């Protein structure tokens, strides 16, 4: 039985995708239904599914980011992008080896995609080179998801104090149940915003997830350290601790 991971940040659309997929491919085992890219990447690495259905626009890691990292974390996984993008992206998909589903998804389109996936799985591995080329093209040409400027200031609690913190001064954010711990060179404070909501408001060129529960400011990183097994950690400029990088996320730091 083939396995699949699906990722869509909107709950209703995620359920609709699952329902369509269940109808078109009843034998498929959906091992994880994820609401963001970080969760999807860890699920792909853990389950090594034959297929991953990835919404391109998700908070934090986009579907493109997940696909790029999954190419190393689970090379046999066939990627299907779920998109509402314009004709530019559709043209790119048509020339690539990766399938796509255009929102709103029509049942007949899902059925055709399932047939192609079943044939590709039967034939063996995917075309990693074609996927890499497609990701470069899409990443260079598609607009940012959110036209609003990224977050600049945050207010966080430290004991009885409420601190106004410049986002550039944050070394990293760490999930703390429903809240988020903000770590700077001077100490820690508590932010009443879940990390999943926070990541969508940060500058994606500066703040990167290294784990489902950790977002790091790249400006605060002194070095990326890799051991012989490929595991990674980050050494910080103004903090004594090192931060472990979850294994699937190491692919995001290959060029650093």
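The orientation-averaged shadow of the Cα convex hull for the stretch 6-61, equal to a quarter of the hull surface, comes to 3.5 nm².
Distance between the pseudo-spin-label points of residue 169 and residue 226 (7 Å out from Cα toward the beta carbon): 3.5 nm. Ordering 161, 241 from the fewest to the most neighbouring beta carbons within 10 Å gives 161, 241. Cα convex hull, the stretch 179-255: 95 Å³ per residue, rounded to a whole number.
Here the chain carries DSSP beta bridges of which approximately 65% are antiparallel, counting only pairs with both residues inside. Label sites at residue 48 and residue 12, each approximated as a point 7 angstrom past Cα along Cα to Cβ, lie 3.9 nm apart.
Extension gain, residue 119-residue 176: 0.36 nm per intervening residue step, less the Cα-Cα distance, totals 16.1 nm. Counting beta carbons within 10 Å around each of 54, 17, 166 and listing the fewest first gives the order 166, 17, 54. Taking the inverse of the mean reciprocal distance over all distinct Cα pairs, the Kirkwood hydrodynamic radius of the chain comes to 19.3 Å. Shown for 25, 153: other C-beta atoms within 10 Å of each C-beta, ranked fewest to most, produce the order 153, 25.
Throughout, read-outs are computed from the coordinates displayed, never taken from laboratory work. Fair warning: this is a prediction, and the values are worked out from it, not measured in the lab. Virtual Cβ from ideal backbone geometry, glycine too; neighbours counted across all protein chains shown.
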